[in-house]
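The values are calculated or read from the model by the stated rules, or taken from the named source; none is laboratory data. Please read these numbers as outputs of a predicted model, since none were measured by experiment. We place every Cβ from the backbone using ideal geometry, glycine too, and count neighbours over all the protein chains shown.
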Amino acid sequence: MRTAALVRLGTITEVRSTAVQVEARPRPALQPYVTSYVGFDLRGFPPGLHLGTPGPSLTIVVSLSDPLDVVEADGAVPRSGRFGAIAGGLTSRSVAIRHDGNQHGVRLSLTPLGARTIFGMPSAALAHDVVHLDQVLGRDGDELVERLHAADTWPERFSTLDAMLARLARRRGVPAQPRHSIRPEVAEAWRRLVLHRGQVQIGALAAELGWSRRHLGDRFRAELGMTPKQIARLLRFEHAHRLATTVGPPSWAEVAATAGYADQAHLVREWREFTGRAPTTWRRGEVLPA
């Protein structure tokens, strides 16, 4: 429980904010496609603008209260609108959500290589974009939202996700023809980039796979919507963001060194490009828990 004091018209009003976040892993058969479920119920925080930071995952967010108010903002994905449930692809820009201090919903993180299994399309089809969930899942998306709203507990909601996503995986998981599958070289390059958190020499990686750097970049862009170098930058940023949002975070210089940046100035440039804000400005402006 967090307690804050606000001064209004000469009187002190006590405001209580609560933050509940519950994370779960999907059933083992789904883990190649979906890395995590996160349930969140955040109440009583100051209104503001939440920046959904970019990372190496596609995202589904289902609101269990008011629709998500996605707005255009500097450094953010250039789309606005109200979404009861949203699907977002890989992007190098934040998704800006205006909130009244309360957010209640479920967030899923999908692997780019699992996009074909869950969405029935390569992740490149959603790159740098956010859409209504039913645009990619159709009636299955509507059913998923309805069942999540009907569930009363986080375990029930996570069980619902397991059941619905397993059904989609059975329907789409085995391509009818080899040409619809992901090239093993792309899958292996992705695995290496994730394993080393983006600290990989792309030219050397391409040579090990028997491809030129240009060919690896072309194949990566066709499947994921980004080049290996862009993915590597996202992975470094994700690592830095995780470090910066821990309890009692290290200094920005330590974050930069641990995440593989040349120096703190390099981190600041990258952070500003991904979020539209310098790290310290971002930290002051982000009132919701990470």
Next on the checklist: Can you pull out every residue in region 191-216 that is assigned to a loop (DSSP other than H, G, I, E, B) and over 24 Å from the mean Cα position of the chain (by Cα)?
Outcome noted: GLN201, GLY210, TRP211, SER212
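Would you say VAL38 is of a type in the set (A, V, I, L, M, F, W, C), touching a residue at least 60 places away in the same chain (Cβ under 8 Å), closer than 24 Å to PHE158 by Cβ and assigned by TED's automatic domain parsing to the domain that holds GLN135?
For VAL38, the condition - of a type in the set (A, V, I, L, M, F, W, C), touching a residue at least 60 places away in the same chain (Cβ under 8 Å), closer than 24 Å to PHE158 by Cβ and assigned by TED's automatic domain parsing to the domain that holds GLN135 - is met.
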Checklist entry - in the same structural domain as PRO78 (by TED's automatic domain parsing), surrounded by 21 or more Cβ atoms within 10 Å (Cβ to Cβ) and out of contact with any strand residue (DSSP E or B) (no Cβ under 8 Å at 6 or more places or on another chain) - does that describe any residue in region 118-125? => result no
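When you scan region 77-90, do you find a residue that is modelled with pLDDT under 90, crowded, with 18+ Cβ neighbours inside 10 Å and part of a loop (DSSP other than H, G, I, E, B), even just one? First the steps, then the outcome.
First, the residues of region 77-90 that are modelled with pLDDT under 90: 77-80.
When the remaining residues are screened for being crowded, with 18+ Cβ neighbours inside 10 Å, the result is 77.
Now restrict to residues that are part of a loop (DSSP other than H, G, I, E, B): 77.
Scanning region 77-90, I find at least one residue that is modelled with pLDDT under 90, crowded, with 18+ Cβ neighbours inside 10 Å and part of a loop (DSSP other than H, G, I, E, B), so the answer is yes.
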Item to check | Failed criterion for GLY114 (all others in (1) in a loop (DSSP other than H, G, I, E, B); (2) in contact with a Pro (Cβ under 7 Å, 6 or more places away or on another chain) hold) | outcome: (1)
